[in-house]
Amino acid sequence: MKKVRKAVIPAAGFGTRFLPFTKAVPKEMLPLVDTPTIEYIVQEAIESGIEEVLIILNTEKECIKTHFGNNPVLEKFLQSKNKLEDLELIRKLPNQIKVQYCYQQKQLGLGHAVLCAEEFVGNEPFALLLGDDVYVGDPYPATQQLIEAYQKTGCTVLGTLEVPYEDVSKYGICIPGENSTSSLLLLESVVEKPKQEVAPSNLAIGGRYILTPAIFQFLKTQNKGTGGEIQLTDSILRLMSKEHVYSLAIAGKRYDIGSKKGFLEATVDFALAREDLSSDMQNIINQRYKK
Ligand code: G1P
């Protein structure tokens, strides 16, 4: 069985849910405390054993490239001021992994974005990490959990979470086969953003996937689906005619940072988790609470 060595991170969307911020700055650069959200996603990939990362961009998002590259001018400045901790901070990531890029010319949907990664992926299984979903995996990263499930099954694995029924229309929803009880389930079907009234379950795809390269043959011929977009979920459904597809309930906490509420929740929790900020954050919360 081939090792999962590569990860794909789509980041070519317009980020309309975060306007006006996203008029000039990609939503992937929104910080949780002091670190862009996309850096947490790349870190998760590295901590899961991924060796190569591809970020799918559009031409308005060059600052993402700047963030993951070296900055010799800033490095020289920090060195001259003897700010060695800051120097280490900005050098760490470029030294850990070489991020590659490709461009999605038209925003035709997630399935179309993933198809842009075909050349990078080649004939290997790969991890797909969506930037709106930030995980604090427990006891280890979400992508690592999925890679382990891939190693057991040799098949596509979708990371899932249970959502309230009123929210099912925001997600790809999984239909497990009969007699499914463990957290790793053989799936019978998937459906993208069903209406609550017809939703077959509340088991939602949570922005993490291990996909086999067979997905590309279906993405190439995928018709538009929900929202007039080329949907990855629709191609996964067609993939099921050829290969088994599993779901794995991801253990840990998920933040939906594509929503303002989820973004604020992550900001508070990430600050509380930081040694240098937790007591300040706690005090801010306590003072507000007293009022
Ligand atoms: C995408 C996928 C959907 C998945 C969701 C997870 O939807 O199409 O299947 O459940 O991400 O965040 P989006 O949120 O991009 O509309």
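The values are calculated or read from the model by the stated rules, or taken from the named source; none is laboratory data. No experiment lies behind these values; they were computed from the predicted model shown. Glycine gets a Cβ as well: all are built from the backbone with ideal geometry, and neighbour counts include every protein chain shown. All accessible areas refer to the heavy atoms of the entire protein, side chains included, with ligands and DNA or RNA removed. Shrake-Rupley method; radii C 1.70, N 1.55, O 1.52, S 1.80 Å.
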Going through the range 129-206, which trypsin sites (Lys or Arg not before Pro) have at most 14 other Cβ atoms within 10 Å and a DSSP loop state? Lys195
Taking springs between alpha-carbon atoms closer than 10 angstrom, which of Asn58, Asn202, Asn95 fluctuates most in the Gaussian network model of the chain? Asn95
Can you work out the accessible area per residue across the chain, with the rest of the protein chains kept in place, probe 1.4 Å, in square angstrom? 52 Å²
In degrees, nearest ten, helix 84-96 long axis to first principal axis of the chain (Cα): 20 degrees
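What is the percent of Cα-Cα separations in the range 173-291 that go past 17 Å?
68 percent
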Given Leu87, Cys102, Leu57, which one lies farthest toward the positive end of the charge dipole of the range 57-122, if we put +1 on the Cβ of every Lys and Arg and -1 on the Cβ of every Asp and Glu? Leu87
Of the residues Pro31, Pro164, Pro125, which exhibits the maximal mean-square fluctuation in a Gaussian network model of the chain defined by a 10 Å Cα contact cut-off? Pro164
How large, in percent, is the carbon and sulfur part of the accessible surface of the chain at a probe radius of 1.4 Å? 52 percent
Within a Gaussian network of the chain (alpha carbon springs, distance under 10 Å), most fluctuating of Thr267, Thr143, Thr221: Thr221
Relative contact order of the chain, pairs being alpha-carbon contacts under 8 Å that are 6 or more residues apart, as %: 21 percent
In vacuo Debye sum over C-alpha of the chain, base-10 log of normalised intensity I(q)/I(0) at q = 0.15 Å⁻¹, listed in q order, is -1.23
Based on C-alpha coordinates, I'd like the Rg and Dmax of the range 98-215, in Å. 15.0, 46
